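Shown next, in structure tokens, is the structure this report addresses.
The values are calculated or read from the model by the stated rules, or taken from the named source; none is laboratory data. This structure is a prediction, so every number in the text was calculated from the model and none was measured. Counting neighbours? That spans all protein chains shown, and the Cβs are built from the backbone with ideal geometry, glycine included. For the accessible areas, the whole protein counts, side chains as well, though only heavy atoms, and no ligand, DNA or RNA atoms are used. Shrake-Rupley method; radii C 1.70, N 1.55, O 1.52, S 1.80 Å.
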Amino acid sequence: MPAEPDGLPSGAIASETAPGGEPGYARVVVDSRLPQLDRLFEYRVPPGMTGVEPGVRVRVPLRGDRMTAGWVVETADARAWEGEVADVEKVVSPVPVLQPEVWALARAVADRAAGGAADVLRVAIPGRQARVEKQWLARERSPLPALPALAESEAVLPRLVEDRRRVAIECAGGVAEVVDLSDAIDSGATNRTAWVGRWAIALAAIARQAVERGEQAIMVVPDHRDQRQLRIALSAAIGSERVVELDARQKNPERYRGFLRCIDGDPVAIIGPRSAVYAPAANLGLLAIWEDGDPLLSEPLAPWVHARDAALVRQSQSGCALVLAGHARSSDAERLVELGFLEHERLGAHRVRVLPSALTDDSRRVPAVAFRAAKEALATQPVLVQVARPGHAPGLRCGDCGVRARCTSCAGPLGRSARGAVPSCRLCGRLAAAWRCQSCHGTTLTEVGRGSTRIAEELGRAFPGVPVMVADGEHERLTVDAKPRLVVATRGAEPIADGGYGAVLLLDGDALLSREGLRVAEEAVRQWATARALAADGATVVLTGAGGTTVTAITGDTTVPFAKAELAERRSLRFPPAVRTASVVGHPDAVAEAIEVLGVLEHLDVLGPVPAPADVVKGSREGELERAIARFAYADGARVAGIARGRVLAAAARPRKPGAPPRLRIRLDDPEPFDGL
DNA sequence: AGCACGCCGACT
DNA sequence: GTCGGCGTGCTC
């Protein structure tokens, strides 16, 4: 058996209460951000109070009569705490929203990330909706209808769930038509069809393996666009009654309704964004992460855990099957493959041809080969044009002296959102109506670069009579029909075309690769692979402005060698994911102390400390704080997290001015410091 | 966090 | 004598 990716501590919920009768004491995790309060507190269950059970929400006094929200983790007849014990004030709701598995997961994830369990629970458990809860408590459990007939295309990765396999899947692209039953209940419509990525159909077939065994499947997707495709594919594969959505975009009641359905324990597929990895599934057969390389899977709240890491912890606790899938292999997944922890799998085959094309000169924005491919395809099919930036002109310069035009209030770059529009700041959005150059006082502006709308205009002129559509953050489009048209989309905003695109033009490869950052090349390959996957079988994909290993990653039929090369390079440089990192930010004294204590570990090195950028910790002044980065081996993860937690705890006890930033903040595996490398 | 407890310098 | 400074400790 291969080694675990790293050491993972565990926790457990228990009930020491004799069956029948009310427990005497409850041990509660309180909903607090303070590291000092990240442990269980014992309370007495006052005589006459009922419903104090593991998992329920309670209100408890903490420090005098101030009330705090919390969750009961365990109950007991005998007290374990020697000191004074206060009474549980009330049971907020009878629903056991904190399932034992989720408590163990939150505890282990928090320990691994050197954070608080309550911070994880805040992500894991949605806010209570009293009305929804009432409906749920009064529900009638009706048996689920029989599974739909098995489609022949579903014969993929046999016994994945049954054998509890752990696999990294590289999915080839392409789209396919499925019967869309996903909202038939709402619309009453029947026999509608929708086009979804073949990846969604493959994942749905895998989820079916779990459901057939009477188990639950959790499938985490980066955004609602992927979630929609997966919902449609799952509805066809297992029936819409077995699809539970946990979408942060949903209204709160909807979200809570989905959450409660998980608790029922029915064999369903649970789909949702990064927080869905914590869904209260008690009989989990499968945990899948789609596009595990997508930065959206990184939780932007303390303790900043990536859904992939939470999934690894959860898999080790539950022993379920594990899938990390994507159109491109992430360097993180590749590390786990090379470690022997994940099997390598590949689904489908590319049915497109990819042509690299150098940028010959900037005035000919669309290279001849791309132009030809588009023209040919537009006879019968839509064509996708992927661009790097939205709007008209992403940058502006002074027409007289050439200095970059900047916002007068925040110094962000000025751009133009539409032809002839008033320049506006791309950071804060402020309009710069009467712009005047700071250095030469000139008033004319020249445009730098091309955004989606400008490229759309230019292509519209180049292909007269062809409709042009823009899809970006402002103009959201999920789908387009099969009619010939040009679809200009920013990366990540590409609509799915019925039948697939006849050609895909990946413009702006240079702009994508010119940024600095550890993951720039990997992220570019991922975004190209995502767009390539939207092409119809037999289509031509043209990649412009890229060079080196990124080109062969996308012209070949697998991205695995690219991921291997990326990982090998990171190993030689000691960069993540070859190593783990601890970003230590705070008062110079506290940072120095933390580094000193961490320094006892053998395979740990420290970069810095250097003055921290002011925006790293909000509320801090420039130069006030320092930052150091410690790099360490996965095997030392538990020890580093323990030390980090100890230092943060010690620093929290030190007095500081009200409103001042924390004296010490330690983030494990923070990607931010490496963005600029 | 936020508050009480406690031990040293200037005050009516 | 005692009022109040904020370093230290604690929250069941």
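For first residues located in the stretch A:504-523 and over 30 Å from A:G538 (Cβ atoms), partners that are surrounded by fewer than 24 Cβ atoms within 10 Å (Cβ to Cβ) and lie 6+ apart or on another chain with Cβ distances below 6 Å form the pairs A:E516/A:G676; A:G517/A:D675; A:L518/A:F575; A:L518/A:F674; A:L518/A:L677.
Within the stretch A:465-481, is even one residue open to solvent by less than 40 Å² (accessible area, probe 1.4 Å) and either over 29 Å from A:Y501 (Cβ atoms) or among the hydroxyl-bearing types (S, T, Y) (or both)? No; the residues of the stretch A:465-481 include none that is open to solvent by less than 40 Å² (accessible area, probe 1.4 Å) and either over 29 Å from A:Y501 (Cβ atoms) or among the hydroxyl-bearing types (S, T, Y) (or both). Counting the residues of the stretch A:458-480 that are more than 15 Å from A:P394 (Cα to Cα) and either touching a residue at least 40 places away in the same chain (Cβ under 8 Å) or outside the structural domain of A:A374 (by TED's automatic domain parsing) (or both) gives 8. Residues that are open to solvent by 20 Å² or more (accessible area, probe 1.4 Å) and away from DNA strand B (no atom under 14 Å from the Cβ) within the stretch A:66-75 comprise A:A69, A:E74, listed in sequence order. Based on this model, can you work out whether A:A638 counts as open to solvent by 50 Å² or more (accessible area, probe 1.4 Å), more than 16 Å from DNA strand C (Cβ to nearest atom), closer than 19 Å to A:E602 by Cβ and modelled with pLDDT of 95 or more? In short, yes. None of A:V58, A:V85, A:V120, A:V92 is away from DNA strand B (no atom under 16 Å from the Cβ), open to solvent by less than 10 Å² (accessible area, probe 1.4 Å), more than 17 Å from A:P280 (Cα to Cα) and not assigned by TED's automatic domain parsing to the domain that holds A:I666 except A:V58. The single residue among A:R63, A:R107, A:R112 that is closer than 20 Å to A:Q36 by Cα and loosely packed, with under 15 Cβ neighbours inside 10 Å turns out to be A:R63. Could we say that A:V403 is in contact with a Lys or Arg (Cβ under 6 Å, 6 or more places away or on another chain) and of a type in the set (A, V, I, L, M) here? Considered against the rule, which asks whether it is in contact with a Lys or Arg (Cβ under 6 Å, 6 or more places away or on another chain) and of a type in the set (A, V, I, L, M), A:V403 comes out as no.
Annotation for the stretch A:25-39: at least one member residue is modelled with pLDDT under 95, outside any loop (DSSP other than H, G, I, E, B), touching a Leu at 6+ places or on another chain (Cβ under 8 Å) and more than 8 Å from DNA strand C (Cβ to nearest atom). Among the residues of the stretch A:377-425, the ones that are hydrophobic (A, V, I, L, M, F, W, C) and open to solvent by less than 30 Å² (accessible area, probe 1.4 Å) come to 15 in all. Residue count for the stretch A:17-43 satisfying the condition of being within 25 Å of A:V109 (Cβ to Cβ) and either exposed (fewer than 14 other Cβ atoms within 10 Å of the Cβ) or charged (D, E, K, R) (or both): 8. Has the stretch A:602-621 got any residue that is open to solvent by 50 Å² or more (accessible area, probe 1.4 Å), among the charged types (D, E, K, R) and in the same structural domain as A:Y501 (by TED's automatic domain parsing)? No, the stretch A:602-621 has no match at all.
The set of residues from the stretch A:646-662 being within 29 Å of the chain's Cα centre (by Cα), at pLDDT 85 or above and within 15 Å of DNA strand B (Cβ to nearest atom) comprises A:R647, A:V648, A:L649.
Contact map, the stretch A:101-116: first residue under 10 Å from A:V313 (Cβ atoms), second residue part of a loop (DSSP other than H, G, I, E, B) and of a type in the set (F, W, Y), Cβ cut-off under 8 Å, separation 6 or more or different chains; pairs are A:A113/A:W304.
When A:E516 is tested against (1) surrounded by fewer than 16 Cβ atoms within 10 Å (Cβ to Cβ); (2) assigned to a strand (DSSP E or B), exactly one condition is not met: (2). Of all the criteria given as (1) modelled with pLDDT of 80 or more; (2) over 26 Å from A:L505 (Cβ atoms), the one not satisfied by A:S409 is (1). Scanning the stretch A:259-290 for residues that are open to solvent by 10 Å² or more (accessible area, probe 1.4 Å) and small (G, A, S) yields A:G265, A:S275, A:A282. Taking interchain pairs and intrachain pairs at least six residues apart, which have beta carbon atoms under 7 angstrom, with the first residue in the stretch A:162-189 and farther than 21 Å from A:Q209 by Cα and open to solvent by less than 20 Å² (accessible area, probe 1.4 Å) and the second modelled with pLDDT under 95 and basic (K, R)? Pairs found: A:G174/A:R351.
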